[in-house]
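**Student:** Sharing a structure, written as structure tokens. Questions coming.
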Amino acid sequence: MKTKILTLLIIISFTSCKPRNKLNSNEQQLVQQISKEEKEKQEVEAALKQNVPAIPDTLPLGLRFKVDRSIDTQFPPKVIDIANLFNSEKKYKLSELITEIDYITLEDIPVDDSYQTTGFETFLADNHLLIKSMFSLYLYNRDGRFKDVICKGDLNRTKEGGNSNVSVISTSAGTKGVWGDVWTLDNKLFYRYADNKAKKFILMSYDMDSEQNSIPLPNSSENFNVTGKGEMHASLGIERNERYTEIVPLSKDSYAGINRKTKSAKNGLLMTTFRLNGDTLNSFPDYETISNYSHSVMRGNFPQISYHYGNVFTFRNAFNDTVYRVVPPNRLIPAYILNMGDFKIETQEGFTPGQDISDKLYIKEFFETRKYIYLKLFQGYDSPKNREKKSVQIYYAIYEKETGKLNKLPINPLGYSGVSDRHQSFNIRKGVLNDIDGGFIFWPHKVSPKGEAYEVVLGEKLKKHISSEQFIKSTAPKNKKDELKELSEKVRDDQLILIVYKTH
Amino acid sequence: MFKFNLKILIRGIRNKPVYSLISIAGFTFGIAASLFIYFWVLDELSFEKFHPDHQQIYRVLTLSKQGDKIVKSASSYDPIAVTMKIDYPQIEDATSISYSSEDSPLKIKGTSTKIEARRAWIDEIFFEVFQGFLFLEGDMETALDAPNKIVLSEKVAKKLFGEELAIGKTIISDKYLEEVYQVGGVLHIPSQSHIDFGFLLSDKSEGSVGLSGGWGRKSAHTNSYIKLNKDALIDDNFREQASGHVSRYSSHTDKLMFQPIDDIHLHTDYETFWYDKKISNIKYVWIFSGLALLIILMASLNFASLTTARASERATEIGIRKVTGSDKKSLVIQFISESVMQTIIATILALIVVVLFLPWFGNLTGKEFSFTFSASLIASLLLITLLVGIFSGLYPAFYLTSFNPILIFKGGNPTGSKAGFTKSLVLVQFAIAIVLIVSTGTIYKQLQFIKTRDLGLDKENIVVVPTGLWYSIGSFKQELLANPNIVSVSASTEPPVDFAWLRGFHWGGMDSQDTIQASMFWVDEDFAETYNIEMVQGEFLRQNYSDFWKENDQANKDKKAGKSYAVSLPVVINEAFAKQMNVEDPIGMRLNRSNVIVGVAKDFHYRPLHNKISPMVMLNDPQNMGVVNVKIRPENRAETLAFIRDVYKKHREDRGFSYSYFEDELEQVYMAENRLANLIFKFSFLAIVIAMMGIFGLSTFATERRIKEIGIRKVHGAKLTEILAMLNKDFIKWVAIAIVVAAPIAWYIIHKWLENFAYKTKLSWWIFALAGLLALGIALLTVSWQSWRAATRNPVEALRYE
């Protein structure tokens, strides 16, 4: 009996003393970890502040850095699950995605009244806005005040026939000015200056905080006139075959030349990084090339994705599964893995005319903001003909960075009109209904390096929207709607308005 | 056998009613007191246990670098819950609750009476995790299934609707904008919940500002929780990943810790602020459990010592029973069963006392107790009763039955000089009593110290009126000052009771990373005058409000334009801050390259005395004022209060009026200590009474045992004083030893308790002396009364039968 009682007591004490499976952590160890990480962070920040070059000042002749495409173990790439796009649909309210919308009216460009007819592009920097019209480039403060002319393009207009109202702009002949996209890193602007007549193609940089008011012409040892402000760097080569499709700054002292996929798929060269003076730092090969290509033409409407996010250049080559952050001189850090699943298009089948890709998906737009990535995906090859036949479907999706979820928006994939994307976007806006102030339906057109979506619209467009049924019926707060209405009443039809969609 | 023992017991009670009363009353008090403490401890230990899966639920704590410190808190980033749930298969569910920083008005649609209640936002997972909240109306599935639905706490529902049903009714909150809600449920929040709110809204509700932040900033008002799977694999890998979770999503270096919700109430080990609710300390559970044990021990010792002391009186009985054939076993059983029967009687009486006085005890402790016979209570009571009964009967039983019957009948003293046991009981009891007297005395002294300490500011005649955020308070202040009974009016974020927003500050050439932590306190230019705060250097804040708003507008424009923006304001620092700066003249220096120091105020206590006066920065920003502090004259208080109310209503007709005295707010902060002192005082008193009863019983027997000796001594001419001294000597000796034993124990306990305070009273020698004297006095009085009675008796009565 005694033994039985003793055994029972032992069993009870053992079972009752079983340690609970607790999620506990070693506080002291975590404190040390924080101190260590904070120290490292401070060092990095201090280095960034002083703009410590990551690249040695002098490089031995012929030196190339070893390509590093390894992942950052601290921030492993996130998977964007496009393969399951059709399994998750979500209706967003704009207020879930955006916390505030700023409307900033822009002063007119004092030296140019043709930009509205010839068209313009905008680039939002941290503290500035740039408007590029043809080959001219204008600088604004972010509050809408016109600041400066960076470059006044020389269009080399020639009269056509006897009709004095028609002029033709020849880019191949004597055109001078800003060529292609412009890029910003903090307050530094990078652009390509082309002088077709002099056969010069120069990388320029300009400090946008600079208070110069006139257009000084930098002294040139090569004795040709540059009508753009700033500092001249590398000569980029004027001939098409010797040029990279895109020239993008990587840091304040380096840039990359990027080939379009149509070129890199053939020559196997994806990107080359350079010091600003043109010294080559590194070359990245393109591993997804085509071989035995017998056709004389290629389908080419598969865009590359390239943007700066937090001043880090981010890049995805067409058909590739990886979105990289590019860290000069030699690192491609995978940031996002695009899981295309059965929807993936191989390089060869993408380029080859006639190959059926009607059930495949490809990305046309990829806008990364602080919390979300906005993707526009196409099913079927996007051509005017296919659009007319409605054999192209357009899907809108939002990837939530915090949750890792990709949600398709409930938008009719055949609801587009017109023969091109541009045509469509100007007429029927698709995206997320604006419940913040009843403004435009939201879909990013452009995103600044800070991760803010923005667009520039004409006052006329806003007025038209205010009188639309969509605005009138909008359930956005009345005071916000009134503010927007008030703004539309104040602006002129031809006045530009910068709209910044902010996420805190 | 039982019948026989019962008869003997009843006879014993009849024959010696005083001694029986002493032993049974001692038990009754002991068990009643222990039961009260049991309920209190049980309540303390039952926090959060009403949730079915409480053992699986953890609150997420963050360790973050703040200035030069690493601070632990329950502050959370809004996305923590949702991302953790996705990232770790070990986590079954994760949820967050975000509290509003101030109360909001509520009224029933179509009425004008408003109440103020704290709002909180929750996500849709909340009730999946916290299933212990009981829906009195509505249910968890539908309570918040529409954006305009609201869940009221039982208290708020009662305030608004009385006994009527609330569900489906429309209520309005019109703090800034009019928000119309439909009641989706009424929830009972047990008092053992650290989660407390007035009403709940879904984070998807219209205009919700709760849980909508990102990784940018963590909030002290947001708490995140995770619920682990029942058999979750908790390995080092999971621990490491979960701790470093924030860094995966942001550039912050914060690390996460996970506090079981069961531990929140008693084991929260970081510096708490006003928004950390229902936080106590396991120390108090130990203190009170110890106290209960001591009381039971004393009551048991009393019983044991009294029974042993009565041994001589029952010697003849034992002798006769032994001679007539009783064996030792039956005698032992008799004594133990007598003892157990007495403890059973005492327990029944104690239960009656507890049932009668439980509401009073609830009032005293600020808790709600309900007396129900749970299985654990019955088992505990039974165990205590039997254990105490057996333990108390054990020694006398074996001791008495070991008497030699021959010696008894020869007329010898079978107890002989073996009174050592009873004397040592005196020692233990008095040692306990002295520890309690010292503890009570020091707690009282500390509380007096808190009450009388110069806080560095005036605390009398200041009325605090909560106003909510109010940007243009100027005309309200002016109208108040028109009343001659109002001396001064000042706005501040909160009254200076327990307020601290911590910010990092740097100055001069310091690196912006290398900051010191200081409390930020928003006050207006009249704050120093209202609270009579002295300036040691420079001047107090002055503000030109039109300039302020102009600068503020410009800053907003700059912000919109993406430029760096800052409103540069004058600030006043306290002496502690100036000391940290360690500069000759801080006046004119800029903090964080923006705000200019215009003055240094003498240190004053803006947090409870548990905390040291730490560096503080006062800033006059009209956008952060939440209360108005009105200094009034002591005369005509009622009229002055009515005047304040009327002026307030005129300006703020949309908000209800409420007020409190600053002194009461201060009192509120030390409520826990006051309650503790009150409890300890009462239980210590009880313990002392039990000790007195014990010594009274023992001295009675001691004198009775020596009654013949006293008679003989008197016959031989002994003086009264000599007899008194002889009888008292033994007890006094043991009490003196008790003082020596108790003093270091008391010192240690009280020293530990005082460690909770940054500002504390000194451990005074006189408290120890007083406790000793008191113990000695009590012993002397009790013993002397008995001795005097014995010494003044006629010796003939004692020697009559010799």
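**Student:** Select from segment A:106-117 the residues that are surrounded by 13 or more Cβ atoms within 10 Å (Cβ to Cβ) and within 20 Å of A:W179 (Cβ to Cβ) and write down the one among them that is modelled with the highest pLDDT.
**Tutor:** Applying the filter and picking the extreme gives A:I109.
**Student:** Ok, one more. It is to be established whether one or more residues within segment A:74-96 are within 21 Å of the chain's Cα centre (by Cα), farther than 30 Å from A:R331 by Cα and within 14 Å of chain B (Cβ to nearest Cβ).
**Tutor:** yes
**Student:** Considering only residues that are surrounded by fewer than 20 Cβ atoms within 10 Å (Cβ to Cβ) and among the polar types (S, T, N, Q), which ones fall in segment B:26-63?
**Tutor:** Of everything in segment B:26-63, those that are surrounded by fewer than 20 Cβ atoms within 10 Å (Cβ to Cβ) and among the polar types (S, T, N, Q) turn out to be B:S46, B:Q55.
**Student:** If you don't mind, there's one more thing I want to ask. Within segment B:638-654, is there a residue that is on the phi > 0 side of the Ramachandran plot, of a type outside the set (S, T, Y) and out of contact with any helix residue (DSSP H, G or I) (no Cβ under 7 Å at 6 or more places or on another chain)?
**Tutor:** No, that holds for no residue.
**Student:** Within segment B:64-71, identify whether any single residue is free of Cβ contacts under 8 Å to residues at least 40 places away in the same chain, under 28 Å from the mean Cα position of the chain (by Cα), buried (at least 17 other Cβ atoms within 10 Å of the Cβ) and within 14 Å of another protein chain (Cβ to nearest Cβ), and answer yes or no.
**Tutor:** Yes: one or more hits.
**Student:** Kindly indicate which of A:S294, A:S283 is modelled with pLDDT under 85, in contact with a Leu (Cβ under 8 Å, 6 or more places away or on another chain) and polar (S, T, N, Q).
**Tutor:** From the options A:S294, A:S283, the qualifying one is A:S283.
**Student:** A follow-up question, please. I'm trying to understand the selection: among the residues of segment A:104-134, which are under 21 Å from the mean Cα position of the chain (by Cα) and within 14 Å of another protein chain (Cβ to nearest Cβ)?
**Tutor:** Across segment A:104-134, the qualifying residues are A:F123, A:L124, A:A125, A:D126, A:N127, A:H128, A:L129, A:L130.
**Student:** Would you check if B:A146 is at pLDDT 90 or above and small (G, A, S)?
**Tutor:** no
**Student:** Also: Evaluate the following for B:S46: is it away from chain A (no Cβ under 13 Å), under 26 Å from the mean Cα position of the chain (by Cα) and within 13 Å of B:V285 (Cα to Cα)?
**Tutor:** yes
**Student:** For the structure I just gave you, tell me whether A:N277 is over 21 Å from A:H308 (Cα atoms), modelled with pLDDT under 80 and under 26 Å from the mean Cα position of the chain (by Cα).
**Tutor:** So A:N277 fits the description; yes.
**Student:** Being farther than 27 Å from B:N574 by Cβ and among the polar types (S, T, N, Q) is the filter here; which residues of segment B:431-490 pass it?
**Tutor:** Scanning segment B:431-490 gives B:S439, B:T440, B:T442, B:S472, B:S475, B:Q478, B:N483, B:N485.
**Student:** In contact (Cβ under 8 Å) with a residue 60 or more places away in the chain and buried (at least 16 other Cβ atoms within 10 Å of the Cβ): does that describe B:G132?
**Tutor:** yes
**Student:** Being in a loop (DSSP other than H, G, I, E, B) and within 24 Å of A:K188 (Cα to Cα): is that true of A:N292 here?
**Tutor:** When the stated conditions are applied, A:N292 does not pass them.
**Student:** Kindly evaluate B:T761 against the criterion of being surrounded by 17 or more Cβ atoms within 10 Å (Cβ to Cβ), assigned by TED's automatic domain parsing to the domain that holds B:Q448 and not in a helix (DSSP H, G or I).
**Tutor:** Spelling it out, B:T761 is indeed surrounded by 17 or more Cβ atoms within 10 Å (Cβ to Cβ), assigned by TED's automatic domain parsing to the domain that holds B:Q448 and not in a helix (DSSP H, G or I).
**Student:** Any residue in segment A:353-361 that is in a strand (DSSP E or B), more than 14 Å from every other protein chain (Cβ to nearest Cβ), at pLDDT 90 or above and out of contact with any helix residue (DSSP H, G or I) (no Cβ under 6 Å at 6 or more places or on another chain)?
**Tutor:** Checked segment A:353-361: no residue is in a strand (DSSP E or B), more than 14 Å from every other protein chain (Cβ to nearest Cβ), at pLDDT 90 or above and out of contact with any helix residue (DSSP H, G or I) (no Cβ under 6 Å at 6 or more places or on another chain).
**Student:** While we're here: Looking at this structure, is B:S100 within 14 Å of chain A (Cβ to nearest Cβ), polar (S, T, N, Q) and closer than 30 Å to B:E128 by Cβ?
**Tutor:** Considered against the rule, which asks whether it is within 14 Å of chain A (Cβ to nearest Cβ), polar (S, T, N, Q) and closer than 30 Å to B:E128 by Cβ, B:S100 comes out as no.
**Student:** Right, another one. Give the residue, chosen from B:Y284, B:Y270, that is touching a residue at least 12 places away in the same chain (Cβ under 8 Å), away from every other protein chain (no Cβ under 14 Å) and within 28 Å of B:H51 (Cβ to Cβ).
**Tutor:** Residue meeting the stated conditions: B:Y284.
**Student:** Residues of segment B:172-185 being crowded, with 23+ Cβ neighbours inside 10 Å and of a type in the set (A, V, I, L, M, F, W, C), which ones?
**Tutor:** Once the filter is applied, which keeps residues that are crowded, with 23+ Cβ neighbours inside 10 Å and of a type in the set (A, V, I, L, M, F, W, C), segment B:172-185 yields only B:V183.
**Student:** Out of everything in segment B:245-254 that is within 8 Å of chain A (Cβ to nearest Cβ) and out of contact with any Asp or Glu (no Cβ under 9 Å at 6 or more places or on another chain), what residue ends up being surrounded by the fewest Cβ atoms within 10 Å (Cβ to Cβ)?
**Tutor:** Looking at residues that are within 8 Å of chain A (Cβ to nearest Cβ) and out of contact with any Asp or Glu (no Cβ under 9 Å at 6 or more places or on another chain), I get B:S251.
**Student:** When only residues in segment A:413-436 that are loosely packed, with under 15 Cβ neighbours inside 10 Å and at pLDDT 80 or above count, which is nearest to A:D382 (Cα to Cα)?
**Tutor:** In this case the residue turns out to be A:L414.
**Student:** Do we have any residue at all in segment A:401-422 that's away from every other protein chain (no Cβ under 14 Å), within 19 Å of the chain's Cα centre (by Cα) and either of a type in the set (S, T, N, Q) or not in a strand (DSSP E or B) (or both)?
**Tutor:** yes
The values are calculated or read from the model by the stated rules, or taken from the named source; none is laboratory data. Please read these numbers as outputs of a predicted model, since none were measured by experiment. Neighbour counts run over all protein chains shown; Cβ positions are idealised from the backbone, glycine included.
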